[in-house]
Amino acid sequence: MPRNPIQVDTLPADAELEEDEDGTGEGDEIMEEVDDQEDGYTSSTPTSTVTWISWFCSLPGHEFFCEVTEDFIEDDFNLTGLNTIVPFWKEAMEMVLDVEPDEDATKIPDVSIVESSAEMLYGLVHQRYILTRAGLQAMIDKYENNTFGTCPRVYCRSMNVVPCGRSDTPGLDTVKLFCPNCNDIYVPPSSRFQGVDGAFFGTTFAHLFFQSYRELAPAPFYKPMSSGSSSASPKSSNGSSVPAFVNPNPHGGQKRAEGSVYVPKIYGFKVSERAKSGPRMKWLRLRPESPEELDMVDWRGRWINGDYDGEGDDDEEDEDRQMEDFGPVFFSVLNYDSHFSDTLVFLGCYR
Amino acid sequence: MLHRAVEEISTGSDSDYSSSWISWFLSSKGNEYFCEVDEDFILDRFNLTGLNNEIVNYPQALDLITDNLDDDIQDDFRASLDVQARLLYGLIHARWIVTTRGLAKMLEKYKRIEFGRCPRVLCQQQPLLPVGLTDVPYEKSVKLYCGRCEDIYSPKSSRHGSIDGAYFGTTFPHLLFLVYPTLIPPKTGPPTEGAASSREGVDSSGRRRRGVREEVQEVVASDGGEGVSTASVALKADRYRPRIYGFQVSEIAKLQRWQEAVRDRQVARLEALESRNEV
Ligand SMILES: [Zn+2]
Ligand SMILES: [Zn+2]
């Protein structure tokens, strides 16, 4: 099948990444992305010197894919069941493996149809490959090169994330990013990933990855560092001043977690949970200070000793007292008719 | 009455202001999060109390942002003055957006989703609000607060990542939801259209804007958001559950059970509080 030669080094993979981060607003990225995709697909197809696989992985938006080895794809066992999902199976296989097609292949009306079949074939094989030892190894290399980016949550302090899907079936949802610190998933910051199917990474990979590399998985408990340097982010977990971190559970995550949780404040006072707009979601990000506290909850999610009232809920009492002092003052100000805005500014000085 | 007139002009057309320092500042790339501070707010010295200690060449910086600076000023001095003027505007802005009129202006921007959307998948594109981690300038860049997951995120774009968080302050988004409790986002389902729920601070139907002060008083008088209880809203929040071949990951599942037990305890506490208040 004829292929137009391209110069691989003109592919704008890295340049795009920079530009996207710097130049684009929140709303105006989508248009730009569409162009990327089209550039990638229609105007350039690989030369004979570059394999289809490495060409595919070098396309803008395909940065998260690793290169699946050809012998993995050639082993029929690894492809079990896929031939019923992927149309033009034989032609797609030939394209992915750079095999010269049979002469009678002219019955296929449009190369782009085979191209999309090849993409689906490669994506679904990729979903399986990254669950193998070799695939995990390929992905950890990308992880350590920060290819997948970092968690957007401020208190995860730029923890590296991994790609994941919300479904293993293609065509349902785009790729997301999983953060091992907050155990949550995020939309990739660049819209060029909006065309990448989440099933090509699957639901299992992210978690198998952190099960396999326990030293990269943050532990489920967190004790703030004693003093002084605590706020200055213990980023260098191997740093000499920071004591080595140990999770008593040998099967658990062996990395020190980033455990700070955001505390909303109004004029320096914590917003009380008694306020209608008070905090309701702190639990989502909270970790207990010690592994023993995790055992205070049974498998049904109930406190074993009835109404447990220990740490983790730090000084809820304190908060309330503070806000009670503050609340009435605030509301009397609101009810006071004139110069409301000026008085609010004045209140700011209370801090 | 003066500020009304100013508002009319500013909402009328941009060209009226094309020569002013503030409109130049607001239209500069990267300054999209800022709203326009009403001129009469800046001209009321009471609102600027203490800022003269924070800013070098304070009188000239103030003249610059109010377009009263002499033209015969030297270029190199003007350049350094510009840095001070930005700092001054930023600090005034932090005070302005926690006033009724300032809150209303930021609310308009929020409804137009000018601060982006929450990157957390399960927040379903909830619009965000800017927030600072400190009120002291030159310490931390601006972050974005999500009213649904109640957490803060870094802006996607580096041109927003370099804006000083003190120009928005630690209080703003929380005051907004305290004053407008009907705008507190639901914990589940897609966000209501235009970031807002039923109550409209600004309406697009051609009817002139209601006085924000009246509206705030109304909300406060009605004890904020009527009988709507937020005691148990957390139970509706979706969360992600990691799975390997369909099975939960044990250590993470254990942490999530603990977190949910903390959640349930808070719900019980708030519901008890509520029923006590009803008696
Ligand atoms: Zn995170
Ligand atoms: Zn959110």
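Scanning segment B:95-105 for residues that are more than 16 Å from B:A61 (Cβ to Cβ) and open to solvent by 20 Å² or more (accessible area, probe 1.4 Å) yields B:R101, B:K105. What is the residue count in segment A:181-208 for residues that are touching a Cys at 6+ places or on another chain (Cβ under 9 Å), under 30 Å from A:L121 (Cα atoms) and within 16 Å of ligand 1 (Cβ to nearest atom)? Qualifying residue count, segment A:181-208: 6. When A:D75, A:D104 are checked against the criterion of being modelled with pLDDT of 95 or more and of a type in the set (D, E, K, R), a single residue qualifies: A:D75. If you check B:R112, B:R117, B:R86 for being more than 24 Å from B:Y180 (Cβ to Cβ), at pLDDT 95 or above and among the charged types (D, E, K, R), only one passes: B:R86. Apart from one condition, B:Q126 fits all of (1) open to solvent by 20 Å² or more (accessible area, probe 1.4 Å); (2) among the polar types (S, T, N, Q); (3) more than 11 Å from chain A (Cβ to nearest Cβ); the exception is (1). None of B:L51, B:L62 is among the aliphatic types (A, V, I, L, M) and within 12 Å of chain A (Cβ to nearest Cβ) except B:L51. Restricting attention to segment B:66-122, the residues that are in a helix (DSSP H, G or I), within 16 Å of B:F34 (Cβ to Cβ) and not β-branched (V, I, T) total 22.
Taking segment B:137-166 as the range and being within 16 Å of ligand 2 (Cβ to nearest atom) and either in a strand (DSSP E or B) or surrounded by fewer than 20 Cβ atoms within 10 Å (Cβ to Cβ) (or both) as the test, the residues that pass are B:K143, B:L144, B:Y145, B:C146, B:D151, B:I152, B:Y153.
When A:E100 is tested against (1) surrounded by fewer than 21 Cβ atoms within 10 Å (Cβ to Cβ); (2) in a helix (DSSP H, G or I), exactly one condition is not met: (2). Of everything listed in (1) on the phi > 0 side of the Ramachandran plot; (2) open to solvent by 10 Å² or more (accessible area, probe 1.4 Å), the single unmet condition for B:G169 is (2). Total residues in segment B:107-128 satisfying the condition of being within 12 Å of ligand 2 (Cβ to nearest atom) and among the charged types (D, E, K, R): the figure is 2.
The values are calculated or read from the model by the stated rules, or taken from the named source; none is laboratory data. Fair warning: this is a prediction, and the values are worked out from it, not measured in the lab. Counting neighbours? That spans all protein chains shown, and the Cβs are built from the backbone with ideal geometry, glycine included. Side chains are part of the model used for accessible areas, which takes the heavy atoms of the whole protein and leaves out ligands, DNA and RNA. Shrake-Rupley method; radii C 1.70, N 1.55, O 1.52, S 1.80 Å.
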